[in-house]
Amino acid sequence: MDTLKYQSQAVAKPYFIFAMILFVGQILFGLIMGLQYVVGDFLGGIIPFNVARMVHTNLLIVWLLFGFMGAAYYLVPEEAETELYSPQLAIILFWIFAAAGVLTILGYLLVPYSTLADITLNHLWPTMGREFLEQPTITKIGIVVVCLGFLFNLGMTILKGRKTAINMVMMTGLIGLAVFFLFAFYNPTNLALDKYFWWFVVHLWVEGVWELIMGAILAYVLIKVTGVDREVIEKWLYVIIAMALISGILGTGHHFYWLMTPEYWQWVGSIFSALEPLPFFAMVLYAFNMVNRRRREHPNKAATLWALGTAVMAFLGAGVWGFLHTLSFVNYYTHGSQITAAHGHMAFYGAYAMIVMTIISYAMPKLRGIGEANCNKAQVIEMWGFWLMTVAMVFITLFLTGAGILQVWLQRLPESGEALSFMATQDKLEIFYWLREIAGVIFLLGLISYLTSFFITDKKAQA
Amino acid sequence: MSESFTKGMARNIYYGGSVFFFLIFLALTFHTVKEMPKRDNRHNITEAVERGKHLWEKNNCIGCHSLIGEGAYFAPELMNVYDRRGGGSEEGFKAFMNGWMNAQPLNIPGRRQMPNFHLNDQEIDDLAEFLKWTSELDANGWPPNIEG
Ligand code: HEM
Ligand code: HEM
Ligand SMILES: [Fe+2]
């Protein structure tokens, strides 16, 4: 049953499993919110919308972090051609992170948020109550500690082993993730500064360092499933991340249009963020190119499907839907509308949820000692999961975009006095929200199908 | 990709390009932070405004509302709620806020619900001061109209 090159890669397994459990939670709370959008008093008082939203978005971020960590523990030793520096440390950190995550989510659900702020002594160093950064300060410190231990472990592994481009890019991305998270601790009283630097976490993550992580994982999986020469794949990787950072750093300006900032951000933000789709487009070309030039037929068809799907969906969600509202004269009307929500969903799913499922799809059969790939039946069920989730996400995005266009039309474009109020507009969007919820249920079915595939084993092979 | 374009060249563009643009980003950030006082009316940040911001965060208002377009999209934009509901005066706005916060939850069947946060009069006043201050920010002309 020795299907791993290095035994220490096995520490990735609990990270992947826990990521999938949190993913289920994320989707359940998404469905609760989706229903509250149309049946406003659904679960009224028990799970208010803002609580459900924190749970939904924080579970998303945390499961992606678990996924990235699992990916790193899996691929870094193999790339470095050496065992992980300390598997024990990786397991200890897993339990610390999992416990901190579960306690935080329970805190959101079981006590009012203001009570959680009090018992975690938020007043000593207030960092709570900002979108995506709702975690108690103590949890944030825990995240930093876990990241430091994690980076130390990987760093020591790379130092004693081979330094491939994939490992260096992965490491840079992960260090960047930890460094930019430190801005979560900066919460000045002046909202103007608070908001400006908040984007150093949010934008410089998803349109900066996370793209390095995504690029490295994709490159790793492509080398494995296509057998194409490493030199070629790593060259593409550098080109893609170069484009990502050159456009994405100044592209942060697309969030500075409507803050207390000088006008030049309208230009800088529009021009550079308009270039941000390029690396995502390059990823599509590259993924298909490499698969077409493959030198072997890898038995794990599902992993290849995930890799190609990630490139396409990331391009659609981040590239196309990002471009849709990124120019400042468009963003003036769409800022903070359902169009933002549409883009946020497809981009997060297409780029980051899917890249994590790509590496899980590739690595899990090996981690579980099954071999290069799952049996055919399991792969078919997994691919059903892929298609159901992906198509459902396309529809969620389309319905939210429809809602967003109508919202802008009714509420934003007319003059004061003629424009419909926010709440009156929402009533007019009801049909889109119902359709979104239906698509959300299909998404859940896809997720169930995907998870079921892990439990399907080939009876004949076992006998 | 052409053979004459090597991995080394790609790597140099990556390192050089990202360092170069990151330095520009830092320079623009320094400049922006220096210019900010012209638009953020920070001289009006009183202790009440400061307490108001803490209350805003402590009750996770951003989990339903947006503030200058950022946050959630479930409930109305609040940067300019002072202009929308204040009837043009501080007294008007504070009266509105007091009535509104205490009336929650409205319990209208099927309508989206805002929780009651059990704030005292002082706290509601602090929140009102904070939202009055946000309404005076110069966010380059956003929102497009009073509805936010
Ligand atoms: C995988 C990459 C990306 C992810 C995960 C992502 C995710 C998000 C999310 C979640 C938001 C909402 C933030 C909030 O709550 O305020 C957002 C906003 C935005 N994104 Fe992206 N994004 C990505 C890439 C891009 C790209 C490449 C572009 C441009 C071409 C772009 C353009 C925008 C713009 C303009 C906004 C602001 C929307 C507004 O004004 O309300 N994004 N993004
Ligand atoms: C069953 C499917 C889902 C439903 C019904 C759903 C519903 C929602 C709702 C109602 C919101 C809050 C919007 C608001 O603030 O008013 C939200 C936010 C969000 N959801 Fe989902 N969601 C689902 C799946 C997902 C998935 C699969 C992802 C990513 C992998 C995701 C990522 C996000 C993000 C990033 C936000 C914050 C968006 C922003 O700030 O612009 N959701 N979701
Ligand atoms: Fe961005």
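Yes/no per residue for (1) more than 9 Å from chain A (Cβ to nearest Cβ); (2) more than 16 Å from ligand 2 (Cβ to nearest atom):
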{"residue": "B:Glu35", "(1), (2)": "no, yes"}
{"residue": "B:Lys38", "(1), (2)": "no, yes"}
{"residue": "B:Asn44", "(1), (2)": "yes, yes"}
{"residue": "B:Val49", "(1), (2)": "no, yes"}
{"residue": "B:Asn59", "(1), (2)": "no, yes"}
{"residue": "B:Ala75", "(1), (2)": "no, no"}
{"residue": "B:Gly86", "(1), (2)": "yes, yes"}
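So A:Val38 ticks every box in (1) within 13 Å of ligand 2 (Cβ to nearest atom); (2) more than 14 Å from every other protein chain (Cβ to nearest Cβ); (3) part of a loop (DSSP other than H, G, I, E, B) but one. Which box is left unticked?
(2)
In the stretch A:122-209, which helices (runs of 4 or more DSSP H) lie fully inside it and hold 2 or more residues that are without any contact (Cβ under 8 Å) to a residue 24 or more places away in the chain and within 9 Å of chain B (Cβ to nearest Cβ)?
Passing ranges, in order: A:191-204.
Look through A:Ala314, A:Ala302 and report the one residue that is within 16 Å of ligand 3 (Cβ to nearest atom), at pLDDT 95 or above, more than 14 Å from chain B (Cβ to nearest Cβ) and surrounded by 24 or more Cβ atoms within 10 Å (Cβ to Cβ).
Matching residue, one of A:Ala314, A:Ala302: A:Ala314.
Could you grab me the full set of residues in the stretch A:45-62 that are of a type in the set (Gly, Ala, Ser) and within 22 Å of A:Val202 (Cα to Cα)?
Scanning the stretch A:45-62 gives a single hit, A:Ala52.
Show me the helices (runs of 4 or more DSSP H) entirely contained within the stretch A:396-463 in which 3 or more residues are closer than 25 Å to A:Trp384 by Cβ and of a type outside the set (Asp, Glu).
Qualifying helices (runs of 4 or more DSSP H): A:430-452, A:459-462.
Pick from the stretch A:212-267 the residues that are within 14 Å of A:Phe280 (Cα to Cα) and free of Cβ contacts under 8 Å to residues at least 40 places away in the same chain: which of them is farthest from ligand 1 (Cβ to nearest atom)?
A:Ala242
Are any residues in the stretch A:325-344 assigned to a helix (DSSP H, G or I) and more than 8 Å from ligand 1 (Cβ to nearest atom), and if so, which ones?
Of everything in the stretch A:325-344, those that are assigned to a helix (DSSP H, G or I) and more than 8 Å from ligand 1 (Cβ to nearest atom) turn out to be A:Ser328, A:Phe329, A:Val330, A:Tyr332, A:Tyr333, A:Gln338, A:Ala342.
How about the stretch A:351-364: which of its residues are more than 7 Å from ligand 1 (Cβ to nearest atom) and not hydrophobic (A, V, I, L, M, F, W, C)?
Matches in the stretch A:351-364: A:Thr358, A:Ser361, A:Tyr362.
Is it fair to say B:Ala48 is surrounded by fewer than 21 Cβ atoms within 10 Å (Cβ to Cβ) and out of contact with any Asp or Glu (no Cβ under 9 Å at 6 or more places or on another chain)?
No.
Check A:Met156 against each of (1) assigned by TED's automatic domain parsing to the domain that holds A:Tyr74; (2) in contact with a Pro (Cβ under 7 Å, 6 or more places away or on another chain) and name the one condition it does not meet.
(2)
Kindly establish whether A:Glu83 is part of a helix (DSSP H, G or I), closer than 15 Å to A:Asn153 by Cβ and of a type in the set (Asp, Glu).
Against the criterion (part of a helix (DSSP H, G or I), closer than 15 Å to A:Asn153 by Cβ and of a type in the set (Asp, Glu)), A:Glu83 does not qualify.
Can you tell me which residue in the stretch B:103-113 is modelled with the highest pLDDT, limited to those that are surrounded by 13 or more Cβ atoms within 10 Å (Cβ to Cβ) and more than 8 Å from chain A (Cβ to nearest Cβ)?
It comes out as B:Gln104.
Just wondering, is there one or more residues in the stretch A:283-293 that are buried (at least 19 other Cβ atoms within 10 Å of the Cβ), within 29 Å of A:Gln266 (Cα to Cα) and touching a residue at least 12 places away in the same chain (Cβ under 8 Å)?
yes
Out of the residues in the stretch A:269-295 that are of a type in the set (Phe, Trp, Tyr) and within 13 Å of chain B (Cβ to nearest Cβ), state the one that is farthest from ligand 1 (Cβ to nearest atom).
A:Tyr286
Would you point out which residue out of A:Ile249, A:Ile233, A:Ile241 is modelled with pLDDT of 95 or more, assigned by TED's automatic domain parsing to the domain that holds A:Ile381 and within 15 Å of ligand 3 (Cβ to nearest atom)?
It is A:Ile249.
Scan the stretch A:254-268 residue by residue and report those that are of a type in the set (A, V, I, L, M, F, W, C), within 15 Å of ligand 3 (Cβ to nearest atom) and buried (at least 24 other Cβ atoms within 10 Å of the Cβ).
Within the stretch A:254-268, A:Phe256, A:Trp258, A:Leu259 qualify.
Would a scan of the stretch A:59-70 turn up a residue that is β-branched (Val, Ile, Thr), assigned by TED's automatic domain parsing to the domain that holds A:Ile141 and away from ligand 1 (no atom under 16 Å from the Cβ)?
Checked against the condition, which is being β-branched (Val, Ile, Thr), assigned by TED's automatic domain parsing to the domain that holds A:Ile141 and away from ligand 1 (no atom under 16 Å from the Cβ), the stretch A:59-70 yields no hits at all.
The values are calculated or read from the model by the stated rules, or taken from the named source; none is laboratory data. On a predicted model such as this, the values are computed, not experimentally measured, just so you know. In this analysis, Cβ positions are derived from the backbone assuming ideal geometry, glycine residues included, and neighbour counts consider all displayed protein chains.
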